[in-house]
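Report on the following structure.
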Amino acid sequence: MTGLVWLALDGVGHPQDAPPGSVWDQELPTLRPLVDAGRALDAALGVPGLPQSGTGQTCWLTGENAVALMGEHFGPHPGPTLQARLREASLPARLVRAGGRVALANHYVPAYLEAAEAGGRRNRLGCFPFAFRAAGLPLNPPGVPLVGPTLGLNFAAPWGEVTPLHATAHLGEALGRAAAHFDLLAVDLWFGDLLGHEGRPATPPEVTQAGRAYLRRVDALLRGLLETGARVVLSSDHGNLEDLRVKAHTTARVPFAGVGVAVGSAETIVDGGRRLAQCVGLPPNPL
């Protein structure tokens, strides 16, 4: 059986909670049916304020209520309290201790790694690279097809196409083939959150176009994965890109869906994190 590929969207709320004319309102022949067949999960967890990546991603990575632990939504980078939970209870840490094979299939440019090191004692890594490195796993792991954050778009405005869409589908195929050698391959797809923060009441057309182009890239990556028979889980940590009328995060519910795995009856991102652990053969962490 192929290992699990986890596509962890950042800042992409569920289409059910998106306004008319959102980035979801387009032809996404692989992504949209998957999302519609899955769950729409609560990312706010009953705590006032806007959900953040630090606590949201820790919920997914550990299956623990990181928002309750912090007493607030916190992010984007995990501080000492969340770092301790990621070291002890994250999926990569637990899989490594169990003898599992796990990798983070993100491509990190030298400038990102240098900036993280330049932060000194203050952590500048996001939850995913922090958790994998804390588990003793390398970033930019050899032998793994590495996924760039933009999925083939330009990193700078107006975020035009750098590589053709079919190249993203081929990357998905390569990732799916590599999954046969792992228990878990994770991809931290954080570019959606970056684009979401370009939102404003009078949204520039190029921002909406870029957001839609990015979801088409996610669709192509997913299509390539599924053509190899890969088992896939798709999640998100909080809303943002689905409502480009605002610059900030949103309280929208987030998608949780799977192919080749059952996502169960999850209602919150904590439930989703616990179910994800079960999908890779681990018992949930105690709440």
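Bear in mind these aren't lab numbers, they're just calculated from the coordinates by the rules spelled out. Everything quoted here is computed from the prediction, not taken from an experiment. No Cβ is skipped: glycine too gets one built from the backbone with ideal geometry, and neighbour counts run over all protein chains shown.
Of note:
- Within the chain, the ratio Rg/Rh, alpha carbon atoms throughout and Rh by Kirkwood, equals 0.93.
- Unit charges on C-beta of K, R, D, E only; dipole of the chain, Debye: 640 debye
- Multiplying the residue separation of Val47 and Ala167 by 0.36 nm and removing their Cα-Cα distance gives an extension gain of 39.1 nm.
- For the stretch 19-109, trypsin sites (Lys or Arg not before Pro) are listed when DSSP marks them as loop and at most 14 other Cβ atoms sit within 10 Å of their Cβ; the list is Arg101.
- Paramagnetic label zone (point 7 Å from Cα along Cα-to-C-beta, Arg133; backbone N under 11 Å) in the stretch 1-32: none
- Of the residues Ala105, Gly11, Leu153, the one whose Cα sits farthest towards the positive end of the charge dipole of the chain is Ala105 (charges of +1 on Lys and Arg Cβ, -1 on Asp and Glu Cβ, taken about the Cα centre).
- With each label modelled as a point 7 angstrom along the Cα→C-beta vector, the Glu117-Arg32 pair spans 4.6 nm.
- Taking 7 Å steps out from each Cα toward its Cβ at His181 and Ala157 produces label points 4.2 nm apart.
- Helix content alone sets the calculated 222 nm mean residue ellipticity of the chain: runs of n ≥ 4 DSSP H residues at -39500 (n - 2.57) each, divided across all residues, give -11000 deg cm²/dmol.
- Calculated on C-alpha atoms, the gyration radius of the stretch 183-286 divided by its Kirkwood radius gives an Rg/Rh of 1.02.
- Residues whose amide H falls under 5 Å from that of Phe182, counting only those 5 or more places apart or on a different chain, are Gly3, with hydrogens built in the peptide plane.
- Sites matching GluC sites (Glu not before Pro) across the stretch 47-112 that sit in DSSP coil, with at most 14 neighbouring C-beta atoms within 10 Å: Glu72
- The stretch 199-215 and the stretch 20-96: distance between their alpha carbon centers, rounded to Å: 23 Å
- Of the DSSP H helices in the chain, those whose Cα atoms cover at least 27 Å axially and whose Kyte score averages -1.0 or more: 205-227
- Comparing Phe128, Val162, Gly143 along the charge dipole axis of the stretch 103-177, the residue lying farthest to the positive side is Phe128, per the Cβ-charge model.
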